[in-house]
Number of protein chains: 2
Amino acid sequence: MKPDALRGHLDALLLATLDGRQLHGYAIIEALQLRSGGALDLPTGTVYPALRRLETAGLVSSEWSTVGGRQRRTYRLTKAGQRALAAERTAWREFTAAIEGVLGGGPWPEQA
Amino acid sequence: MKPDALRGHLDALLLATLDGRQLHGYAIIEALQLRSGGALDLPTGTVYPALRRLETAGLVSSEWSTVGGRQRRTYRLTKAGQRALAAERTAWREFTAAIEGVLGGGPWPEQA
DNA sequence: CGGTATATGTAGGCAGACAACATGTGAATC
DNA sequence: GATTCACATGTTGTCTGCCTACATATACCG
């Protein structure tokens, strides 16, 4: 997959991954690999700053915990984050509908 | 639609618009509006440089014509462009499959 | 003559994903 | 006891590439 394809859709992925559960950054990356069938392998330099950005925007909240001597910052959706996720899902449907309206169906029948 | 969502998909849109017909830049913009139900309204500053880029890459070829006293640069797909379009369609399917594997289906049932 | 649609283009800005780097623990391997 | 791997978090700097704003020119209508 070309790298820049994710542009503008990363927030949706992160919010959806946190829908209904709390996870730390490393586990989010693994969950995305699993759920995408291996297609999404996001580097930490992409995910961690994005999570901080979402927290600054009030869409997720985080707290530290220690598991097996290792520090974890665990994230969960806020109410605003749940609303944002719903909006992202709607935006995704509109986006794909627009693109597929162009891409779908091969050559143009109305060619004069 | 958020502006940056198109990142990495613009080439596919342009190639698909030229599939099976030749068009000039302005007509491509109108065709994209029509085919997307008005969702895609690309500015000229996006489309014209992108077409030049595609031409440099050998995916489209262009020629000037004059229609009603107005200059038009008409584009068409090259063989390489047709192959690239096929590749873009495949990449699009893989991309949407990956995203929808994450976005689809709401909260996670396997939450412990 | 002015405004709108048609038609093409450039210059500069800027968001945001990525590569590379930096740090530290626990467990297994040798 | 040293090395290496999996786990876990983060920063810095870069670069792609779409967008905004601007600039230009003709035809047509009023």
| request: For region B:44-75, name all the residues that are among the β-branched types (Val, Ile, Thr) and under 13 Å from B:His24 (Cα atoms). | output: B:Thr44, B:Val47, B:Val60, B:Thr66, B:Val67, B:Thr74
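Residue under question is A:Ala5, and the condition is that it be in contact (Cβ under 8 Å) with a residue 60 or more places away in the chain and either over 13 Å from the mean Cα position of the chain (by Cα) or facing chain B (nearest Cβ under 7 Å) (or both); does it hold?
On the way: in contact (Cβ under 8 Å) with a residue 60 or more places away in the chain: no; either over 13 Å from the mean Cα position of the chain (by Cα) or facing chain B (nearest Cβ under 7 Å) (or both): yes.
So A:Ala5 fails the test.
Among what's in region A:4-24 and is among the charged types (D, E, K, R) and within 16 Å of DNA strand D (Cβ to nearest atom), pick the residue that is modelled with the highest pLDDT. Show your work before the answer.
Just the residues of region A:4-24 that are among the charged types (D, E, K, R), to begin with: A:4, A:7, A:11, A:19, A:21.
Checking the rest, the ones that are also within 16 Å of DNA strand D (Cβ to nearest atom) come to A:4, A:7, A:21.
Details: A:Asp4: 79, A:Arg7: 93, A:Arg21: 96.
Among those residues, the one meeting the criterion is A:Arg21.
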| query | Among (1) more than 15 Å from DNA strand C (Cβ to nearest atom); (2) out of contact with any Asp or Glu (no Cβ under 9 Å at 6 or more places or on another chain); (3) closer than 29 Å to A:Arg93 by Cα, where does B:Val102 come up short? | reply | (1)
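Report, by residue number, each residue of region B:42-52 that is in contact (Cβ under 8 Å) with a residue 12 or more places away in the chain and either more than 7 Å from DNA strand D (Cβ to nearest atom) or more than 12 Å from chain A (Cβ to nearest Cβ) (or both). Talk me through it step by step, then tell me what you get.
Of region B:42-52, the ones in contact (Cβ under 8 Å) with a residue 12 or more places away in the chain are B:42, B:44, B:46-48, B:50-51.
Of everything in region B:42-52, those that are in contact (Cβ under 8 Å) with a residue 12 or more places away in the chain and either more than 7 Å from DNA strand D (Cβ to nearest atom) or more than 12 Å from chain A (Cβ to nearest Cβ) (or both) turn out to be B:Thr44, B:Thr46, B:Val47, B:Tyr48, B:Ala50, B:Leu51.
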| Given the conditions (1) more than 10 Å from chain A (Cβ to nearest Cβ); (2) within 11 Å of DNA strand C (Cβ to nearest atom), and given that B:Ala57 satisfies all but one, which numbered condition is not satisfied? | (2)
| message | I'd like the residue in region A:27-40 that is without any contact (Cβ under 8 Å) to a residue 12 or more places away in the chain and surrounded by fewer than 19 Cβ atoms within 10 Å (Cβ to Cβ) and, out of all such residues, is nearest to A:Ser61 (Cα to Cα). | response | A:Ala27
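Restricting to region A:20-32, name every residue that is within 13 Å of DNA strand C (Cβ to nearest atom) and either assigned to a loop (DSSP other than H, G, I, E, B) or facing chain B (nearest Cβ under 10 Å) (or both).
First, the residues of region A:20-32 that are within 13 Å of DNA strand C (Cβ to nearest atom): A:24-26, A:28-29, A:32.
Residue satisfying the conditions is A:Leu32 alone.
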| task | Might you let me know whether region A:35-42 holds any residue that is over 22 Å from B:Ala98 (Cβ atoms) and outside any loop (DSSP other than H, G, I, E, B)? | result | no
| query | Does A:Gln71 satisfy the criteria of being more than 9 Å from chain B (Cβ to nearest Cβ), surrounded by fewer than 17 Cβ atoms within 10 Å (Cβ to Cβ), in a strand (DSSP E or B) and within 15 Å of DNA strand D (Cβ to nearest atom)? | reply | yes
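Which of the following residues is closer than 30 Å to B:Gly20 by Cα and part of a helix (DSSP H, G or I): A:Gly101, A:Gly45, A:Gly81?
Numbers: A:Gly45 fails: closer than 30 Å to B:Gly20 by Cα; A:Gly81 fails: closer than 30 Å to B:Gly20 by Cα.
After ruling out the rest, the residue left standing is A:Gly101.
The values are calculated or read from the model by the stated rules, or taken from the named source; none is laboratory data. Keep in mind that what you see is a predicted model, and the values were worked out from it rather than measured. Note that each Cβ is placed from the backbone with ideal geometry, even for glycine, and that neighbours are counted across all protein chains shown.
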